[in-house]
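Asks: Sending over a structure as structure tokens; questions will come in a sec.
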Amino acid sequence: MSKIYTSADQIDFTLAEISNMPLPESLLMVEPTYFSVDYVINPHMQGNIGKVDKQKAMNEWNSIKKVYESAGLTVHPISGAKGLPDMVFCANQSLPFLSEDGKKEVLMSIMHSDMRKEEVGFIQKWYESNGYTIHQLDAKKVTDFEGMGDAIWINGKRILFGGYGYRSSLSAYDAVSEKFGIPIVGFELITEDFYHLDTCFCSLNSDTVLIYAPAFKPEGVTIIKKLFKNVIEANRYEGAELFACNATCPDGKNVVIQKGCVEVNAELEKLGFVVHEVETEEFLKSGGSVFCMKMMVW
Ligand code: ARG
């Protein structure tokens, strides 16, 4: 039976009642050798075709990798593939998790954009070589599902927050919840600029999230405030221009975020998080930043 929650009055649980899922300690990153903006599939890419500075992108990517390593995480780099300029955004091609009995599993995505469909097979190869059981969605029932771009684990918990409207469909969450017995809270995204849930929602720990409220329907914000003690709201500049909510908190303590999110960072530090500022300007030209440039894996 699928368990999907889309309104605040359906929320009859607290996160403390949800079972735990250990946090991963390593992550995948796809080398940006072939990263560029070659087409437009989100509004941020508009006007940026051919504008990526490759050397700068490589330097930004390397600096981010070093931050993870200095925080004690292991990074597994995967080679990019020619002709797949967006593969560097490796939050999107899969949704990995641990089963209740601790086995490594992964559900592969069905990319919304034809431009990105071929990326999935490359990422799947890594999982095949690393002891994962691979699952696929039934393409007759689900057309769009962009992995952890939209389906986000609440740090340390076996519950997903799932964005839909642009790149993933609500029917994908029915299928995921039904197949794996995972509860899912669904959020309809209402602005094209925030086309993935990871552009406006960041899970920090089981008490705390960072959001950009205008990307959600009011009901979505109500649900978030019902479930979390601390809700940090990014302002327009930091949320929309700097993609503050595409930050990542891999261990419940360290937060890696695009440089310049002054107000968000002050809130994070007040709550005891350690902020690491990085530069992702080249990747912002494609509509992505820190969170979507990596995939946490077990
Ligand atoms: N150009 C990519 C796309 O439109 C960017 C993806 C960024 N990923 C993310 N999870 N927000 O698909």
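The values are calculated or read from the model by the stated rules, or taken from the named source; none is laboratory data. Everything numeric here is computed off the predicted structure, so don't read it as measured data. Positions of Cβ are generated from backbone atoms using ideal geometry, with glycine treated the same way; all protein chains shown enter the neighbour counts. Note: areas computed on protein heavy atoms with side chains; ligands, DNA, RNA excluded. Shrake-Rupley method; radii C 1.70, N 1.55, O 1.52, S 1.80 Å.
Asks: Report those strands (runs of 3 or more DSSP E) wholly inside segment 144-226 carrying at least 1 residues which are within 23 Å of residue 113 (Cβ to Cβ), open to solvent by 20 Å² or more (accessible area, probe 1.4 Å) and of a type in the set (Phe, Trp, Tyr).
Replies: Output list reads 160-164.
Asks: Considering every residue within segment 78-87, establish whether at least one is away from the ligand (no atom under 16 Å from the Cβ) and in contact (Cβ under 8 Å) with a residue 60 or more places away in the chain.
Replies: No, segment 78-87 has no match at all.
Asks: Same structure again: Consider residue 116 against the criteria (1) surrounded by 19 or more Cβ atoms within 10 Å (Cβ to Cβ); (2) touching a helix residue (DSSP H, G or I) at 6+ places or on another chain (Cβ under 9 Å): it satisfies all of them except one. Which criterion is unmet?
Replies: Failing condition for residue 116: (2).
Asks: Scan 38, 53, 9 and give me the residue that is among the charged types (D, E, K, R), open to solvent by 50 Å² or more (accessible area, probe 1.4 Å) and closer than 30 Å to residue 180 by Cα.
Replies: Testing whether each residue is among the charged types (D, E, K, R), open to solvent by 50 Å² or more (accessible area, probe 1.4 Å) and closer than 30 Å to residue 180 by Cα leaves just 9.
Asks: Okay, moving on. Determine the pairs where a residue that is in contact (Cβ under 8 Å) with a residue 12 or more places away in the chain and within 14 Å of the ligand (Cβ to nearest atom), located within segment 234-249, has a partner that is basic (Lys, Arg) and not in a helix (DSSP H, G or I) with Cβ atoms under 7 Å apart, the partner being 6 or more residues away or on another chain.
Replies: 248/294
Asks: Enumerate the pairs (first residue in segment 102-131 and assigned to a helix (DSSP H, G or I); second residue anywhere and of a type in the set (Ser, Thr, Tyr) and surrounded by 21 or more Cβ atoms within 10 Å (Cβ to Cβ)) with beta-carbon separation below 8 Å, excluding pairs fewer than 6 apart on the same chain, so at least 6 apart or on different chains.
Replies: 120/94; 120/109; 123/94; 124/94; 127/94
Asks: Which numbered condition trips up residue 210, out of (1) closer than 25 Å to residue 5 by Cβ; (2) more than 16 Å from the ligand (Cβ to nearest atom)?
Replies: Unmet for residue 210, out of (1) closer than 25 Å to residue 5 by Cβ; (2) more than 16 Å from the ligand (Cβ to nearest atom): (2).
Asks: A follow-up question, please. Please verify whether segment 140-147 includes one or more residues that are polar (S, T, N, Q) and modelled with pLDDT under 95.
Replies: yes
Asks: Going by what's in this entry, would residue 164 be described as of a type in the set (Phe, Trp, Tyr), within 16 Å of the ligand (Cβ to nearest atom) and closer than 27 Å to residue 19 by Cβ?
Replies: Judged against the criteria, residue 164 is a match.
Asks: Considering each of 255, 231 in turn, give the residue that is free of Cβ contacts under 8 Å to residues at least 40 places away in the same chain and assigned to a strand (DSSP E or B).
Replies: Exactly one of 255, 231 is free of Cβ contacts under 8 Å to residues at least 40 places away in the same chain and assigned to a strand (DSSP E or B), namely 231.
Asks: Still on this structure: Sort through 21, 29, 45 and tell me the only one that's more than 14 Å from the ligand (Cβ to nearest atom) and surrounded by 13 or more Cβ atoms within 10 Å (Cβ to Cβ).
Replies: Checking each option against the conditions leaves just 21.
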